[in-house]
Amino acid sequence: MASLQSIWQNFISTFGAARIPINDIHQLEKSAPDLLIYALPLVFFCTALECGFSHFAEHKSYEKKETIGSLFIGLGNLAVNLLMKAILLYGAVWIYNVLPWRMHLSWWSLIPCFIIYDCCSYWSHRISHFNRFFWATHVVHHSAEHYNLTVAFRQSWVQHFKTVFFIPVALMGFNPVIFFVASQLSTLYQFWVHTEAIGKLHPFIEKYFGTPSNHRVHHGSQEKYLDKNFGATFMIWDHLFGTFQYEEEKPVYGLTTPVGNKTNPFILNFHEYRDMIKDVKQSDGIKEMLFFIFASPGKIYRHKLANIEQADKAPVLDKATYLKNKGIKVLKFAGMLLVIILLLSESLDVLSQPLKKAVEAETSALPTPIGENLLFFLQRNPDANTVIYELNFKSEGVLDRENPVKGSWIRYAEQGKYKELTGIERRFAYGVKCKALENGEFEIRLVAYKKLPLYLKRSEIDNKYKIYIKDEGKDLLLKRVFVRVNGGSFWFPKVEYIDLITVNSASGIEILKRIEI
């Protein structure tokens with residue numbers, strides 16, 4: 001009884017982890033091993049080895065144009081993944097922080113996380129075959145007519161639409177590091193199953209795990225192989241939900257309607273969207289338009305065949321009637337498109353209001369420093385710590401003409417402690433470059449944004465040094481800089497915009513100048 005109670009207490013103690021501060025995400029990235037990058041040399045070695053064997057073997061599993069297309073798609077996919085990594089990480093951290101049952105970072109939790117992730121992967125994969133919108137994000141993977149390891153490179157550049165299917169994994173409360181490791185392990189596992197070099201394995205393995213044989217079935221275009229074996233690592237989901245099929249005769253690979261161009265990665269990635277737009281334009285109403293977007297590819301194919309047969313039986317229209325009908329269709333499509341755009345713009349405006357208020361609240365909640373020599377200060381979300389820029393006087397009270405402005409931290413997280421900028425911070429992030437001008441004035445530029453000149457000169461009102469920016473010939477007194485950051489990393493933050501809070505020297509009216517990045 002005591003041991004059961006101890007086990008239960010240990011289980012409960014797993015939950016209740018602290019939230020992850022957004023500004024600590026760069027540390028989180030370091031603690032999450034980038035398994036895909038580490039595995040790339042082995043992936044390329046195995047691919048080159050298989051390609052070499054294919055060249056000298058009787059059965060050719062590689063075709064030049066198709067291989068080039070796969071490589072182009074793979075390189076593009078790597079670039080997209082690098083761009084999306086920060087966004088997905090921020091999203092995972094945001095979900096993790098709002099949950100009350102956050103799990104501590106423990107590597108044993110990788111086992112349940114990986115199993116749940118694999119189940120979600122099954123449904124993501126299966127729905128991609130029965131919904132044209134998601135099929136368009138997956139069709140490129142099935143477009144190869146030869147089955148080899150380069151087929152694993154054929155991942156859609158817009159596959160991140162399917163991230164929605166993995167939200168349940170994040171909602172379980174797994175640490176984001178565990179979540180991303182499970183995702184990478186799943187991706188790596190699926191690489192080796194794209195080969196004809198490995199035959200059937202032990203019956204137990206073939207029944208319960210993803211194998212080259214099982215996945216060859218999935219890529220087959222024969223009727224019995226269509227929409228089978230969606231599992232990634234485990235085939236148990238296919239057994240449970242009735243989609244399992246053993247490999248019997250040799251599969252015929254590729255799409256039922258092959259793509260003509262085999263090398264252009266843009267055509268291979270987006271040809272289904274082109275066909276979808278064409279079908280939507282020719283639709284007879286909103287119902288058929290939605291059908292062409294969201295119905296299964298099989299149903300759409302049969303629907304179009306029925307339309308062709310019906311058109312063959314219908315009487316031939318004269319040119320005037322044809323053009324009239326065509327014009328009506330175009331007008332209907334334009335009307336539906338206009339309605340959709342208006343609805344989307346209204347929805348986006350409604351959704352943007354809370355965001356605008358949140359940004360305003362975030363900005364106003366930040367502290368405002370004061371000081372006799374303070375010129376202006378800089379803040380960035382979500383950090384309350386502030387960089388202040390002050391006049392730099394020598395020991396005898398004379399302004400230092402070589403470095404008239406100095407920056408330093410106010411560490412509000414450390415009881416308002418003042419701290420000098422480090423050498424790296426002065427050189428690359430928060431430092432300033434100063435240049436003496438005539439009449440005792442100085443040109444000041446922030447090292448992080450050198451495009452905007454600031455001017456240090458004496459005010460005509462109180463003869464004290466202040467910082468100004470020039471706007472349409474007017475001098476605007478600079479009071480505050482706010483940098484809006486949305487993603488990126490510690491060294492390369494993704495800056496959305498920079499707000500300069502200024503005051504018109506003549507009227508005293510506060511003016512917000514926004515620099516879009």
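The values are calculated or read from the model by the stated rules, or taken from the named source; none is laboratory data. Small disclaimer: the values here were computed from a predicted structure and weren't measured. FYI the Cβ positions are ideal-geometry reconstructions off the backbone, even for glycines, and counts take in every protein chain you see.
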query = Taking region 43-90 as the region of interest, how many residues are surrounded by 14 or more Cβ atoms within 10 Å (Cβ to Cβ) and not in a helix (DSSP H, G or I)?
reply = 3
query = Restricting attention to region 389-405, and to residues there that are assigned to a strand (DSSP E or B) and modelled with pLDDT of 90 or more, which single residue is farthest from G431 (Cα to Cα)?
reply = L391
message = Among the residues of region 154-174, are any buried (at least 17 other Cβ atoms within 10 Å of the Cβ), more than 21 Å from L78 (Cα to Cα), in contact with a Gly (Cβ under 9 Å, 6 or more places away or on another chain) and touching a residue at least 60 places away in the same chain (Cβ under 8 Å)?
response = yes
ask   = Of K479, K470, K457, which residue is under 22 Å from I509 (Cα atoms) and in contact with a helix residue (DSSP H, G or I) (Cβ under 9 Å, 6 or more places away or on another chain)?
value = K457
ask   = So which of S213, S221 ends up being surrounded by fewer than 20 Cβ atoms within 10 Å (Cβ to Cβ) and over 16 Å from R126 (Cα atoms)?
value = S213
query = Has region 125-132 got at least one residue that is within 22 Å of G254 (Cα to Cα) and not in a helix (DSSP H, G or I)?
reply = yes
ask   = Residue check: is A144 in a loop (DSSP other than H, G, I, E, B) and among the small types (G, A, S)?
value = yes
ask   = Tell me, which residue of region 416-474 that is among the charged types (D, E, K, R) and assigned to a loop (DSSP other than H, G, I, E, B) is nearest to E496 (Cα to Cα)?
value = E472
